[in-house]
Every structure is written in C-alpha cells, then in structure tokens.
1. Please enumerate the residues belonging to region 63-77 that are among the hydroxyl-bearing types (Ser, Thr, Tyr) and in contact with a strand residue (DSSP E or B) (Cβ under 9 Å, 6 or more places away or on another chain).
2. Working only within region 32-41, note down all residues that are in contact (Cβ under 8 Å) with a residue 40 or more places away in the chain and open to solvent by less than 70 Å² (accessible area, probe 1.4 Å).
3. Please note which helices (runs of 4 or more DSSP H) are completely contained in region 62-141 and include at least 2 residues that are open to solvent by 20 Å² or more (accessible area, probe 1.4 Å), within 20 Å of residue 51 (Cβ to Cβ) and not β-branched (Val, Ile, Thr).
4. As an exercise: evaluate residue 135 against (1) under 15 Å from the mean Cα position of the chain (by Cα); (2) at pLDDT below 85 and give the number of the one condition it does not meet.
5. Does region 51-73 hold any residues that are under 15 Å from the mean Cα position of the chain (by Cα) and in contact (Cβ under 8 Å) with a residue 40 or more places away in the chain, and which are they?
6. Which residues, counting only those in region 42-57, are open to solvent by less than 80 Å² (accessible area, probe 1.4 Å) and either assigned to a loop (DSSP other than H, G, I, E, B) or of a type outside the set (Gly, Ala, Ser) (or both)?
7. With the requirement that a residue be out of contact with any strand residue (DSSP E or B) (no Cβ under 7 Å at 6 or more places or on another chain) and farther than 18 Å from residue 87 by Cβ, what does region 42-62 give you?
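The values are calculated or read from the model by the stated rules, or taken from the named source; none is laboratory data. Since the model is a prediction, treat every value here as computed from it, not as a measurement. Quick reminder, even Gly has a Cβ in these numbers, built from the backbone with ideal geometry, and neighbours come from all protein chains shown. Remember, those area values only see protein heavy atoms, side chains included, never the ligands or the DNA or RNA. Shrake-Rupley method; radii C 1.70, N 1.55, O 1.52, S 1.80 Å.
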Amino acid sequence: MSTTLGIVEVGSIIASAEASNSGSRAGRRLGGRSILEWVVRRVTDSHGLKQVVVVADQRDPRRHRINELVPSDIPIYFGKQTDPLGRFAGAVKKYHADAVVRVSVDHPFVDPALIDRLLSVASHDQESEYICFANSLNDRIAASRLGLFAEWCRSEEHTS
C-alpha cells in the first residue's frame, strides 16, 4: 500500500511579511483561525493522505511563531537544508513517503476533495512521476497565486 504524505510548505512568507511590518499572511486570521492552520486543516481533511506535516526552514528566526500557528497534532519538519526543495526531500525521507502532495501556505483555498481527486488520478496513472492541479486561465498561465494549487509527485527513493 502506498504511503502518501501531505506537505504544507511554509516558505519565507512569515519572515518576509513580518520583517516588512505588514503582518504575516500565514498568521492572519480567517474564520477565527490563522491562514496556516486553515491550510493545514484543509489538507488534513483529505481522505487519501496518510499523514500531514508542515515543512519550514530550521534557520528561520521566527520558528516559535510557526510553532504557535500549527495545530498541536500536526508535526513540523524544520529542515536544515538551505533550499525549499532540499527541505521537501528531507521530509519525504524522514516520513518514508512513497508519494507526496505539496501545498503551499500561499494557496489558502486548497480543497481536500480536489486533493483526493488528484490522488485518484495519480493512482490510475502508474507512468507519471508528477501531476499538478491548479486553477488557470489557460494551459500556460496561472490565474491566481491564491488558488487551488496542489501538486503530487512520486518519491524516487521508494519506487524502486
């Protein structure tokens, strides 16, 4: 049976937003919850994910803020890698995932039903290593950074 990990990626959006004194987008409230908690909960509502983890930079000086915003039942992988892809790969390795669904906190309107649909498409397509669902104006132009974007990829480490 495949182990699919849901990753909610927190980039430098907390650090850059707070540094500019404009307030953190991830920390802003929507319906009584932070945007980060909202995204995490939407991803955990997917039926096809075995586990959900938040991935962030270990060197971020605002790690305590991330800890405050993430629900206590969700693990956080603070990667020491210097780039987001390295942290992503580190989380895949740590949690022994065969496949991963990645969602960024930049996409707060992610839909768990669409994540499940993405997983269904992936399960029927044994040839693909990467599949992406996003809202767009056409095949080449994303309509919004605040969209329904989620991507799935197979873990090379666990497919051989």
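1. Keep residues of region 63-77 that are among the hydroxyl-bearing types (Ser, Thr, Tyr), which gives 72, 77.
Across region 63-77, the qualifying residue is only 77.
2. First, the residues of region 32-41 that are in contact (Cβ under 8 Å) with a residue 40 or more places away in the chain: 35-36, 38-39.
Selection gives 35, 36, 39.
3. Details: elements: 63-69, 84-94, 112-123.
Per the criteria, 84-94, 112-123.
4. (1)
5. 51, 52, 53, 54, 55, 56, 57, 66, 69
6. Initially, region 42-57 is screened for residues open to solvent by less than 80 Å² (accessible area, probe 1.4 Å), giving 42-44, 46, 48-49, 51-57.
Listed by number, the residues that qualify are 42, 43, 44, 46, 48, 49, 51, 52, 53, 54, 55, 57.
7. 42, 45, 47
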